[in-house]
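Please read the structure below before turning to the comments.
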Amino acid sequence: MLVENVLIDNLVVVGEDSGKFANRVNNYSFSYIEKVTPSAFPYRKSFHCEDGSFLQWTDEHNVKPIRFDFNPSKCDIEGAEKVLSTMKYPKVNRVDIAFDFKDVDLSAYQFI
């Protein structure tokens, strides 16, 4: 099999609030946020961004208060940097990797 391309397809970063997150959200400094909706427990709010990425926030004590879910190859880099700069002790929580195969029929394979 010939791998044509390998990309990070999705990345989730969690972190503590450095004290800037609430201020930036409340002052609309994240100009690329399209809408705010309630979120599933343990998070309270989801902030949906124009580029398909989204933020989640909570005040629950058993999880990191900020969760940022984005595709590095499709996100607004300037916006992502603003979000990440509000985090103290950021930690990568999840990485999805995409492999593009050239001229290969993968229908006979099962990936586990």
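The values are calculated or read from the model by the stated rules, or taken from the named source; none is laboratory data. Predicted model only: the values in this text are computed from it and were never measured. Cβ sites come from the backbone with ideal geometry, for glycine too, and all protein chains shown count toward neighbours. Protein only, heavy atoms only, side chains kept; ligands, DNA and RNA dropped before computing areas. Shrake-Rupley method; radii C 1.70, N 1.55, O 1.52, S 1.80 Å.
Computed on the range 45-112, with alpha-carbon pairs under 8 angstrom and 6+ residues apart, the relative contact order is 19 percent. The 1.4 Å probe gives accessible areas that order TYR109, TYR32, largest first, as TYR109, TYR32.
For SER53, the shell of other residues with beta-carbons less than 9 Å away shows a net charge of -3, using +1 for Lys and Arg and -1 for Asp and Glu. Over the chain, what percent of the accessible surface lies on carbon and sulfur atoms, probe 1.4 Å? Carbon plus sulfur share of accessible area: 50 percent.
Taking 0.36 nm per residue of separation and subtracting the current Cα-Cα distance, fully stretching the chain between LYS45 and LEU7 would add 10.8 nm. Among (1) 25, 18, 12; (2) 38, 14, 9; (3) 31, 15, 13, find the value of semi-axes √(5λ) of the Cα gyration tensor in Å that was calculated from the structure presented, and write down its label. Of the listed options (1) 25, 18, 12; (2) 38, 14, 9; (3) 31, 15, 13, (3) comes from this structure. Spatial offset of the range 1-71 relative to the range 72-86 amounts to 10 Å, using the alpha carbon center of each.
Only aspartates and glutamates eight or more places from LYS74 in sequence, or on another chain, were considered; those with a Cα closer than 15 Å are ASP9, GLU50, ASP51, ASP96. Charge tally for PRO42 (other residues, Cβ to Cβ under 13 Å; Lys, Arg +1; Asp, Glu -1): +2.
Neighbours of TYR32 by Cβ distance under 15 Å: Lys/Arg scored +1, Asp/Glu scored -1, total -3.
Surface analysis of the chain yields an accessible area of 68 Å² per residue, using protein heavy atoms and a 1.4 Å probe.
Loop exposure criterion: GluC sites (Glu not before Pro), DSSP state outside H, G, I, E and B, at most 16 other Cβ atoms within 10 Å. Applied to the chain, the longest stretch between such sites is 61-112.
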